[in-house]
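The values are calculated or read from the model by the stated rules, or taken from the named source; none is laboratory data. Just so you know, these numbers come straight off a predicted model, no measurement behind them. Methodologically, a virtual Cβ is constructed for each residue, glycine included, from the backbone with ideal geometry; neighbour enumeration extends over all protein chains shown. Just the protein is used for accessible areas: all its heavy atoms, side chains included, with ligands, DNA and RNA removed. Shrake-Rupley method; radii C 1.70, N 1.55, O 1.52, S 1.80 Å.
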Amino acid sequence: MLIWAQSGGGVLEGVARDAEKRPLADVKVSLDDQIAGRTEATQTDAAGHFRFSGVATSTYMVRARKPGYVDRAEGPFVIGRGEMKTLNFEMSQEKAAESAKNAVQAMEYSDEPQFTVAGVTDPSNVGGHGSNVTLPTKEALARETASLGTGKPASGHAGVTKENPGELSIVAAGDFAGNLKSGRDLLQAGRAKQAIAYLERAVKLKPMDYDAAFSLALASQKSGDAKRADRIAQTLLARGERAELHVLLAEVRESERQPVEAVREYQRAAEMEPSEENLFVWGAELLLHHAYAPAAEVFAKGHRLYPKSVRTLVGLGSAAYAQDLNEQAARWLLEAIEMAPTDPRPYQFLAKVQEVAKSEPQEWVEAFRRYAALQPEDARVHYYLAVALEKQRRGQRDFAARQAELQKAIAIDPRLGDAYLKLGVLFGEKGELPKAVASLQKAIEFTPLPDEAHLRLAQIYRRMGEAEKARKESELYEEVSVKKKEKLDRERRELGEFVVKEKP
């Protein structure tokens with residue numbers, strides 16, 4: 001029975017099992033009341049079963065821990081009066097994670113992929129993911145990794161920017177070279193629709209010219225005309241296979257929501273031409289669709305061939321984190337930071353890892369401190385450093401340093417919701433409750449779906465004795481949490497999860 005049990009309260013129970021579906025005894029299961037700030041714990045019995053009864057109506061997180069196994073968590077979720085809720089945990093052994101780490105290292109020396117993508121499934125039907133509280137961070141890192149492989153720099157030619165259309169309109173209709181150059185310049189400047197007219201003229205003048213036809217296919221794809229891009233690319237493939245045609249077809253298949261076909265096109269491109277770009281986009285596509293170990297395999301090959309590629313190191317870090325190899329993930333990212341200390345990308349990824357990390361190694365703090373010195377006008381940098389200092393849990397001694405960094409961040413970007421949230425938490429720790437309220441209200445104003453800000457504000461109001469305000473913020477927290485979960489579930493279903501099979 002819980003120490004804060006209510007008559008007629010709810011019940012939470014479930015079973016903890018290992019990866020082979022066998023029950024796990026002596027798993028410590030804790031139930032954290034997110035509103036009242038209280039925790040109760042129990043242990044699973046010989047059948048792996050745990051139970052909390054008389055649970056007061058509130059919002060909760062549940063965590064499962066056992067030495068030798070990777071921690072699992074579920075929530076936040078609401079338990080209402082008299083409600084019965086069941087949660088089951090599947091816990092993998094830490095040695096399995098170590099095996100994954102060794103596999104990644106071994107993959108660096110393998111030229112042939114050891115896997116095939118056999119299909120795609122709804123990730124909501126796959127066990128294990130739903131009980132992992134770090135899954136949203138893993139997916140966010142995967143999306144951001146994929147974004148590093150999109151877009152190519154503009155050519156820089158004068159007169160071909162979005163702001164300045166230049167002299168392109170005076171190119172003669174019969175000038176093949178002029179039309180091709182103008183169309184490609186517009187394409188590189190991000191003006192694909194305007195490029196099409198010039199490229200169509202070039203193709204009409206020289207129907208067999210590969211560069212003109214490929215550029216028209218690319219412009220069509222970027223303008224949303226996937227069918228035309230597909231048709232042109234298939235015609236060019238019939239004349240001769242090229243890696244860039246497979247990359248283009250991969251982008252077409254992705255736009256048509258055919259991820260399996262897309263990843264196979266990326267793979268074919270990388271096999272034909274194992275450039276840094278082709279290997280990276282192949283790995284990123286695998287990572288995006290939850291094929292974490294295969295993604296690590298591809299990124300490992302990319303790192304072996306292109307050891308100076310910062311984004312490949314970032315990809316390795318994301319793939320390692322997705323497999324719960326947090327220390328290895330941090331090492332890859334710190335290596336990227338050491339290689340390119342002014343590149344913001346590895347810092348951004350390390351910052352996401354640190355937000356869900358249990359502790360903060362000193363080298364992480366020093367990395368963010370150096371970057372803050374290099375980029376003092378970047379608001380996010382000061383926010384990252386403040387979070388790093390918070391993770392060190394130095395207590396009273398670090399309040400001033402954390403507050404100073406957060407206030408610098410807000411001074412640079414007055415709409416940085418994350419910084420207001422952390423400042424509100426800090427004021428709450430210091431007991432400066434009115435300041436905490438003001439900061440958390442700003443966090444709500446400037447953050448999309450600000451579930452945590454509502455939760456923290458409810459906790460502050462409860463401490464101030466403002467029961468009605470606390471109740472309203474708790475209701476808003478629950479409402480926003482549902483919307484946030486629905487959004488993530490929708491995105492997850494739209495992407496799908498690859499079904500991967502090892503090669504015999």
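Couple of notes before you dig in:
- Exactly one residue among LYS193, LYS138, LYS162 is at pLDDT 90 or above and either in a helix (DSSP H, G or I) or over 30 Å from LYS352 (Cα atoms) (or both), and that residue is LYS193.
- Subset of region 407-433 [within 22 Å of MET464 (Cβ to Cβ), aliphatic (A, V, I, L, M) and modelled with pLDDT of 95 or more]: LEU421, LEU423, LEU433
- Within region 480-499, residues that are part of a helix (DSSP H, G or I) have Cβ atoms under 8 Å from residues that are charged (D, E, K, R) and modelled with pLDDT under 85 in these pairs: ARG493/ASP122, counting only partners at least 6 apart in sequence or on another chain.
- Checking each residue in region 335-384 for being among the hydrophobic types (A, V, I, L, M, F, W, C) and in a loop (DSSP other than H, G, I, E, B) picks out ALA340, ALA357.
- When residues of region 298-313 are limited to those that are free of Cβ contacts under 8 Å to residues at least 40 places away in the same chain, of a type in the set (A, V, I, L, M, F, W, C) and closer than 23 Å to ARG264 by Cβ, the one surrounded by the fewest Cβ atoms within 10 Å (Cβ to Cβ): LEU305
- Test: residue in region 302-324 that is farther than 26 Å from GLY119 by Cα and of a type in the set (Gly, Ala, Ser): yes
- One residue from LYS193, LYS206 being farther than 16 Å from LYS222 by Cβ and charged (D, E, K, R): LYS206
- Qualifying residue in region 255-274 (condition: closer than 30 Å to LEU350 by Cβ, open to solvent by less than 10 Å² (accessible area, probe 1.4 Å) and aromatic (Phe, Trp, Tyr)): no
- Region 45-84: number of residues that are among the small types (Gly, Ala, Ser), modelled with pLDDT of 85 or more and in a strand (DSSP E or B): 3
- All positions within region 448-470 that are surrounded by 19 or more Cβ atoms within 10 Å (Cβ to Cβ) and assigned to a loop (DSSP other than H, G, I, E, B): PRO450
- Residue within region 14-31 that is open to solvent by less than 60 Å² (accessible area, probe 1.4 Å), of a type in the set (Lys, Arg) and at pLDDT 85 or above present: no
- Residue match in region 329-338 (condition: at pLDDT 90 or above, of a type in the set (Lys, Arg), in contact with a Leu (Cβ under 9 Å, 6 or more places away or on another chain) and open to solvent by 60 Å² or more (accessible area, probe 1.4 Å)): no
- Once region 314-328 is narrowed to residues that are crowded, with 23+ Cβ neighbours inside 10 Å and hydrophobic (A, V, I, L, M, F, W, C), the residue that is nearest to GLN375 (Cα to Cα) is VAL314.
- Taking region 248-297 as the range and being in contact (Cβ under 8 Å) with a residue 60 or more places away in the chain and closer than 21 Å to LEU237 by Cα as the test, the residues that pass are PRO259, VAL260, VAL263, ARG264, GLN267, GLU277, VAL281.
- Qualifying residue in region 409-416 (condition: of a type outside the set (S, T, N, Q), in a helix (DSSP H, G or I) and within 17 Å of GLN34 (Cα to Cα)): no
- If you go through region 484-504 and keep only what is over 14 Å from PRO136 (Cα atoms), open to solvent by 90 Å² or more (accessible area, probe 1.4 Å) and among the basic types (Lys, Arg), you end up with just LYS501.
- THR342 meets all of the listed conditions (1) surrounded by fewer than 16 Cβ atoms within 10 Å (Cβ to Cβ); (2) under 18 Å from the mean Cα position of the chain (by Cα); (3) among the β-branched types (Val, Ile, Thr) but one, namely (2).
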